[in-house]
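Chemist: My structure is below; once you've seen it, I'll send some questions.
The numbers here are math on the coordinates, done by the rules we state, and not lab data. Worth saying up front: this structure is predicted, and the values here are computed from it rather than measured. Cβ placement follows ideal geometry from the backbone for every residue including glycine, while neighbour counts extend to all protein chains displayed.
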């Protein structure tokens, strides 16, 4: 296997998707602010889309399906970002903070 | 096949490696910097590299959508929220305590390792035949199947987007008073 012909290899895309997913998980656990968690969630979705695109290009009998799923993932991610950011702004208005630890009024 | 570095295939391979490095570096920046604005810049870099990867997967259309939606819209909106909500005091939000970060690193390493082993050691059956060469993955075909096979989900996703936009406007407006 030559390093310059890697782009024809399914394994590279699967490794890339897995690394993006794991980095997103790490960011989700590490960040304290809501915006940082939102960024990590975007990374997780990106890892899923890479897998869909790779399988649809290299293995699937209908290559349009994976691309359509990726487009749907983009639309859902855009909706998610809009909703999450308005929730963040509402939380910031009430608590004057975007730290996830500060929003604990219902904590027993 | 063993192309030389300066042939067409060799240059394409180099550009592909650059895209992968850009994606992973962007993801690392997005998860590891302290300032949120730098994390957003890292996210934009990650999506830029990812759109290059999509070009190599034979779909310039999805690559352009990736640029337009993620880099153009999502990152800009997140920057907008960072400017609205990040005060001087919140600018240096420390990450969580050390045991939690170590635990996060361990768990995400295990996750990455398991997913990579699963991906590389499975015998994926190749069902494609010569579907790609017949042009089944072209933009025309995407458009046709969006309006025939997937028309229901297409309409539903536009409904979801509409509800999300209306809901986010309502959420961001309530609790706002004249001052």
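Chemist: Per DSSP helix of 4 or more residues, -39500 (n - 2.57); summed, then divided by the residues of chain B. What does that give at 222 nm, rounded to the nearest 500? Please list the in-between numbers first.
Modeler: Values: 7 runs with 120 residues, N = 179.
Helix-only estimate at 222 nm: -22500 deg cm²/dmol.
Chemist: Report P(r) for the protein assembly as shown: all Cα-Cα distances, bin width 5 Å, range 0 to the bin holding the largest distance, values in whole percent.
Modeler: Final binned percentages: 1, 5, 11, 15, 16, 16, 13, 10, 6, 4, 2, 1, 0, 0.
Chemist: While we're here: If you take the beta carbon distance between residue B:103 and residue B:127 as r and set R0 to 45 Å, what does 1/(1 + (r/R0)^6) give as a FRET efficiency, to the nearest 0.05?
Modeler: Details: r = 40 Å, r/R0 = 0.89.
With R0 = 45 Å, the Cβ-Cβ based efficiency is 0.65.
Chemist: Hey, rough spin-label estimate for residue B:113 and residue A:59, points 7 angstrom out along Cα→Cβ, what's it come to in nanometres?
Modeler: So the two model labels end up 2.4 nm from each other.
Chemist: Okay, moving on. Distance between the C-alpha centers of segment A:75-91 and segment B:106-179? Whole Å please.
Modeler: If you average the Cα positions of each part, the centres end up 17 Å apart.
Chemist: Please check: in the Gaussian network model of chain B (C-alpha springs, under 10 Å), which one of B:162, B:43, B:11 has the largest mean-square fluctuation.
Modeler: B:162
Chemist: Using only the Cα atoms of chain B, each taken as one equal point scatterer with no solvent, compute I(q) by the Debye sum, divide by I(0), and report log10 of the ratio at q = 0.12, 0.18, 0.20 Å⁻¹.
Modeler: Ignoring solvent entirely, the Cα scatterers give -0.95, -1.42, -1.42.
Chemist: In a Gaussian network model over chain A where Cα atoms closer than 10 Å are linked, find which of A:31, A:57, A:93 has the largest mean-square fluctuation.
Modeler: Residue with maximal mean-square fluctuation among A:31, A:57, A:93: A:93.
Chemist: Which translational diffusion coefficient, to the nearest whole µm²/s, is obtained for segment B:100-179 from the Stokes-Einstein equation, given a Kirkwood hydrodynamic radius over C-alpha pairs, 25 °C and 0.890 mPa s? Walk me through the intermediate numbers first.
Modeler: Working: Rh = 18.3 Å.
Value of D from the Cα-based Kirkwood radius: 134 µm²/s.
Chemist: What would the Debye formula give as log10 I(q)/I(0) at q = 0.14, 0.22, 0.23, 0.26 Å⁻¹ for the alpha-carbon point model of segment B:18-87, no solvent?
Modeler: Rounded to two decimals, the profile gives -0.42, -0.88, -0.93, -1.07.
Chemist: Any idea what the alpha-carbon Rg over 2.2 N^0.38 Å comes to for segment A:1-96?
Modeler: After normalising by residue count via 2.2 N^0.38 Å, the value is 1.34.
Chemist: While we're looking at this one, here's another question. Which residue fluctuates the most in chain B, going by a Gaussian network model with Cα springs under 10 Å, if the choices are B:109, B:56, B:47?
Modeler: B:109
Chemist: Can you tell me the relative contact order of segment A:10-95? Whole percent, Cα pairs under 8 Å, sequence separation 6 or more. Before the final figure, lay out the partial values.
Modeler: Values: 78 pairs, mean separation 23.6, N = 86.
Value for segment A:10-95: 27 percent.
Chemist: Using helices alone, I'd like the mean residue ellipticity at 222 nm for chain A: each DSSP H run of four-plus residues gives -39500 (n - 2.57), total over residue count, nearest 500. Walk me through the numbers on the way to the answer.
Modeler: Numbers: 3 runs with 78 residues, N = 108.
Helix-only estimate at 222 nm: -25500 deg cm²/dmol.
Chemist: Still on this model: At 0.36 nm per residue, minus the direct Cα-Cα distance, what do residue B:163 and residue B:33 gain on full extension? Give it in nm, one decimal, please. Walk me through the intermediate numbers first.
Modeler: Numbers: separation 130, 0.36 × 130 = 46.80 nm, distance 3.34 nm.
Gain on stretching residue B:163 to residue B:33: 43.5 nm.
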